[in-house]
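The values are calculated or read from the model by the stated rules, or taken from the named source; none is laboratory data. On a predicted model such as this, the values are computed, not experimentally measured, just so you know. So basically every Cβ, Gly included, is an ideal-geometry build from the backbone, and we count neighbours across all protein chains shown. Note: areas computed on protein heavy atoms with side chains; ligands, DNA, RNA excluded. Shrake-Rupley method; radii C 1.70, N 1.55, O 1.52, S 1.80 Å.
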Amino acid sequence: MTATHNNKVLIVGAGIAGCSAAIALADKGMQVTLVEKQVAWRFQSSGIFIYSNGLEALRSVGVLPQILDAGFGIADGRNVYLDHHGTPIVDVFYPRSHGGAVPILGIKRAEMHRILAGRLDALGVDIRLATTVVDIHSSSGDVAFSDGTSERFDLVIGADGIRSQVREAVSGPVAPRYTGFGVWRSVHERPRTLDAKTMMMGIGKRLGIMPISDDRLYLFGTVSEPADRWYPREQWPDLMRERFAEFGGPARQFLDQLSADSEVLYTAVEEVQAPLPWHAGRVLLIGDAAHASTPFMGQGGAMAVEDAVVLAEMLGGDGINEHTLKAFGERRFPMCRFVQDASRKVGEAGAVEDAASCARRNAAMQQTAQQQVDAFYRELDVLSAVPA
């Protein structure tokens, strides 16, 4: 592929990665088209928490003030660890970024997408809903759409998530890997006294509580689930309450509230590890399409937005060419692999299934949890400093 400065870009998928990339590239003066298979802007409406590195990436995208207004920031970065009865284990404090963003922010996913959609509208990005890609020629950039039209692009970005269709054109048949975990989420009214992130460490289970606005919080629990198990949506509230029936402490009131009227979401936890290169010809993968992670470090959204920011910086400097696309993957791969590996280890530690081992784990956390957090963020700093 020869260098081009026409900068006509197609982004497939309007999740966090796709919206962020569309904003960042449009800010660089590129002509961006964003296609999304949904017929309207509808996104899973549970919560998401974003640590300081992700918030700095959102600052670069130009939406941090709105994110801070809509979400709930924890100014001291406190994460309270309890056992499943509510007995304290240890408090851990997450760092602020070098740019001064709060250490942790919780926000409803629908609010985050509303803010990103507003920024896209302000930039005049061409958004085509109810549209999918039927065929891609990676060498030429020719794309056929589900509405019967075809168009040529200088770059096609696959930001279409863990079951990416675009990934086939780059990496071949790379399927998501089931981790053995399911994650259950629910949204509740927030008591004023609950103003920190809370993680409850059970036997083979973890249950977290995170404020996502002045008046809302969400529960997020992980537990081993059989592969390929499907649960009817109308059963989710009862199943979530049953899965975490042994949990007391601050979570008890919210589990007791679960009913047919509750906002509950269940998803299987899967990973994607697309090998390098993350591009083929004029097609490039970002976000979950390239590196979907388990949720235990809360870094999936941050990695997606960072992908967008780094890509825009690199393309803005060198234009769309083979060297830059290759360099992007090589720059982001070590960071995303580190996050995946660290998140997997945390998930495995939370899945210990006998009481004696859990007691030893909880005792060890009192001595090492803060050091592990500090080491993780030091390594993020090192990896993010790698030049383009």
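A few comments on the model shown:
- Applying the condition of being assigned to a helix (DSSP H, G or I) and β-branched (Val, Ile, Thr) to the stretch 329-388 and asking which residue is nearest to Lys205 (Cα to Cα) yields Val346.
- When Ile157, Ile127, Ile107, Ile136 are screened for being in contact (Cβ under 8 Å) with a residue 60 or more places away in the chain, part of a strand (DSSP E or B), farther than 30 Å from Leu219 by Cβ and out of contact with any Asp or Glu (no Cβ under 8 Å at 6 or more places or on another chain), only Ile157 passes.
- Residue ID - farthest from Glu242 (Cα to Cα), chosen from residues in the stretch 266-284 that are under 15 Å from the mean Cα position of the chain (by Cα) and not in a loop (DSSP other than H, G, I, E, B): Glu271
- Residue in the stretch 256-273 that is within 21 Å of Arg344 (Cβ to Cβ) and polar (S, T, N, Q) present: yes
Yes/no matrix, rows are residues, columns are (1) under 26 Å from Val272 (Cα atoms); (2) free of Cβ contacts under 8 Å to residues at least 40 places away in the same chain; (3) part of a helix (DSSP H, G or I); (4) in contact with a Lys or Arg (Cβ under 8 Å, 6 or more places away or on another chain):
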| site | (1), (2), (3), (4) |
| --- | --- |
| Gly182 | yes, no, no, yes |
| Asp195 | no, no, no, no |
| Leu207 | yes, no, no, no |
| Gly221 | yes, yes, no, yes |
| Trp230 | yes, yes, no, no |
| Asp238 | no, yes, yes, no |
| Arg241 | no, yes, yes, no |
| Ala251 | no, no, yes, no |
| Leu255 | no, yes, yes, yes |
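- Index of the failed condition, Lys326 passing every other in (1) open to solvent by 30 Å² or more (accessible area, probe 1.4 Å); (2) within 26 Å of Ala26 (Cα to Cα); (3) among the charged types (D, E, K, R); (4) out of contact with any strand residue (DSSP E or B) (no Cβ under 8 Å at 6 or more places or on another chain): (4)
- Any pair with Cβ under 6 angstrom, 6 or more apart, that starts in the stretch 373-388 at a residue that is within 19 Å of Pro103 (Cβ to Cβ) and ends at one that is at pLDDT 95 or above and part of a loop (DSSP other than H, G, I, E, B): Tyr377/Pro95
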